[in-house]
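Following: one structure in structure tokens, then a few remarks.
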């Protein structure tokens with residue numbers, strides 16, 4: 001599992017998807033108690049039980065543009081990202 005506390009790029013997601021079928025991303029905020037509790041539960045799950053699926057935790061405060069593009073309007077939120085969803089949608093993230 002990877003905790004992402006920095007701004008990510010489309011290339012970052014594409015690189016993860018080279019070796020994995022999909023990404024399960026938990027979008028969270030450090031200032032939200034409920035979000036922190038969800039993060040703890042998400043971390044407890046065994047990643048080995050997910051074949052070809054990469055779990056990542058993304059800080060919404062560092063990735064506001066991605067949050068808007070995905071239409072996330074509440075936290076915490078779980079999102080599945082696949083190669084097809086990257087191709088079909090404009091996930092171009094400005095640096």
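All of the numbers you see were taken from the coordinates with simple rules; none came from a lab. This structure is a prediction, so every number in the text was calculated from the model and none was measured.
Quick notes on this one:
- Cα gyration tensor category, rounded, prolate or oblate, for the stretch 1-62 with a/c compared to 1.5: oblate
- Gap separating the Cα centres of the stretch 3-30 and the stretch 52-69, nearest whole Å: 6
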